[in-house]
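What follows is a set of notes on a single structure, which appears directly below.
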Amino acid sequence: MKRFLPVCFTCVTAVFVLSFFACATTGKNVSASVGASAPKWIELPSAVYAYSDYIAQVGTAVDKDSAELAAVQKIAALFGQTIVSGGTASKRMEQAQKNGEVATVTSSSDLNQKIRQSVQQENLIGIRIAETWFDTAHNTWYALAVLNREETAHIYVTMVDKNNAAIKKLCATLRPATIYTYANITFAKDIAEQNKGYLDRLFVIQPETGRKKAEETRTPEELTLQAHKLATEIPVYVQIENDKDKRIATAFEKTLSELGFNSTVAKDAPYTLTGSLLLTHTAPAAKDVFYAEYLVQCNVREVSSKQNVCTWSLSGRDGSKASENAENRALATAARKIEEQFAAALQQSVKNLPQE
């Protein structure tokens with residue numbers, strides 16, 4: 001009997017170790033197993049989770065969290081690099097989400113921290129880890145991530161419907177044409193950008209549902225055109241002090257016109273863009289280069305309410321071996337930067353206007 005004792009002891013130890021692994025790896029709604037016999041889902045996930053009902057992907061790694069991340073990333077990759085909301089979120093968007101007026105994204109708290117930090121949150125909706133398995137022979141973890149098509153499609157449809165209702169409300173009253181009604185359309189366009197991302201994912205999950213929902217959803221492009229059309233009814237008077245050749249004023253007028261606004265010479269316009277240009281010259285350094293520094297400051301205001309719509313400034317310098325050329329180059333650089341940067345600054349300011 002004594003010579004069989006080590007064998008029995010080894011068997012008991014093995015059972016204890018396997019039991020420990022199984023207990024340690026079992027999470028909420030996750031089927032975890034350990035052993036040499038691979039589950040069916042490793043080779044063919046659809047054998048356990050039907051393709052018609054689920055999107056399922058397998059990930060492998062030397063540790064469990066990384067295997068789960070790899071599986072989730074494979075599902076997320078099906079959605080591509082869709083950007084739901086580009087740039088910095090406006091205060092208005094943040095407040096609307098807080099108030100429940102537009103859709104917000106939440107992912108499962110059951111997913112491990114590595115997943116939540118590595119994968120775009122919008123791509124985690126509906127995904128869960130369904131199975132894990134540890135291959136003791138090769139010291140490898142396997143994880144199966146799944147997404148229930150019907151349940152997740154319902155989530156996206158609900159989010160799109162909420163956003164559509166918000167867009168409809170924002171576009172219900174667009175008269176008279178003011179900076180505030182313009183802000184409503186641009187905000188509606190931002191919400192539509194969110195919807196575009198949701199619809200892109202819905203097309204992957206349930207293509208037919210995605211097509212039907214897209215037919216009743218306004219696009220960002222459509223709302224951008226509507227905002228441009230409304231802006232043509234909003235006159236803006238532009239005046240820049242010390243702008244002797246009107247190069248700076250012309251740059252502002254060009255930018256406003258590209259957004260649709262009606263730049264006018266009428267001083268009684270309901271909106272004004274006023275500002276100043278300051279040029280300073282620097283004496284030549286060792287390389288005999290003259291520099292001209294520029295500072296452009298402006299304010300866009302609503303005359304009737306004295307509401308400041310946008311405050312913006314631009315500074316820099318340019319140089320040349322001739323003093324006059326340095327000034328011309330500085331003015332050209334300033335004008336170019338106005339055309340490149342002012343539109344985005346104005347749009348961001350408009351997004352943060354208080355609701356009228």
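Structural remarks
- Here the simple spin-label model places points 7 Å from the Cα toward Cβ, and for E324 and Q307 these points are separated by 4.8 nm.
- Considering only L202, S257, L353, and ranking their Cα positions along the charge dipole of the chain that arises from unit charges at the beta-carbon of Lys, Arg, Asp and Glu, the one farthest toward the positive end is L202.
- In the stretch 246-313, Cα pairs under 8 Å separated by at least six residues give a relative contact order of 25 percent.
- Here r is the Cβ-Cβ distance between R175 and D65 and R0 is 51 Å; the resulting FRET efficiency, rounded to 0.05, is 0.35.
- With θ taken as phi - 60° and the Karplus curve 6.51 cos²θ - 1.76 cosθ + 1.60 applied, the whole-hertz 3J(HN,Hα) list for the stretch 298-309 is 8, 9, 9, 9, 8, 5, 4, 9, 6, 6, 7, 8 Hz, x standing for glycine and proline.
- Calculated from backbone phi, Karplus (6.51, -1.76, 1.60) coupling profile of the stretch 44-50 in Hz, x at Gly/Pro: 9, x, 5, 5, 10, 10, 4
- Length added when fully stretched, T136-T158, from 0.36 nm per residue minus Cα-Cα: 3.6 nm
- Max mean-square fluctuation residue, GNM over the chain, Cα-Cα springs under 10 Å, options S305, S90, S37: S305
- Mean residue ellipticity, 222 nm, helices only, the chain: the sum of -39500 (n - 2.57) across DSSP H runs of n ≥ 4, divided by residue count and rounded to 500, is -15000 deg cm²/dmol.
- Over the chain, relative contact order from alpha-carbon pairs under 8 Å, at least 6 apart, %: 13 percent
- Cα-centre dipole for the chain with unit charges at Cβ (Lys and Arg positive, Asp and Glu negative), debye to 20: 480 debye
- Here the label points at K40 and K98, each 7 Å from Cα along the C-beta direction, are separated by 5.1 nm in the simple model.
- Kyte-Doolittle mean at least 0.5 and Cα axial length at least 24 Å: DSSP H helices in the chain: 5-25
- Solvent exposure of the chain amounts to 55 Å² per residue of accessible area, where only protein heavy atoms count and the probe is 1.4 Å.
- The label point for D288 and the one for E150, both projected 7 Å from the Cα toward the Cβ, are 8.4 nm apart.
- Placed amide H near G126: partners under 5 Å, 5+ positions off or other chain: S108
- Three-way shape call for the stretch 94-177 based on the alpha-carbon gyration tensor, with the a/c threshold at 1.5: prolate
- 11 Å reach of a label modelled at D245, 7 Å along Cα-to-Cβ, counting backbone N of the stretch 261-280: none
- Per residue, the average separation of C-alpha pairs within less than 8 Å and at least 6 apart gives the stretch 179-271 a relative contact order of 29 percent.
- The stretch 187-224-the stretch 313-338 distance, computed between alpha-carbon centres (Å): 44 Å
- Set against the labelled values [x] 1.06; [y] 1.37; [z] 1.20, Rg/Rh (Cα atoms, Kirkwood Rh) computed from this structure falls on [z].
- Charge dipole (debye, nearest 20) of the stretch 129-226; +1 at Cβ of Lys and Arg, -1 at Cβ of Asp and Glu: 560 debye
The values are calculated or read from the model by the stated rules, or taken from the named source; none is laboratory data. This structure is a prediction, so every number in the text was calculated from the model and none was measured. As a convention, Cβ positions derive from the backbone with ideal geometry for all residues, glycine included, and neighbour counts pool all protein chains shown. Protein only, heavy atoms only, side chains kept; ligands, DNA and RNA dropped before computing areas. Shrake-Rupley method; radii C 1.70, N 1.55, O 1.52, S 1.80 Å.
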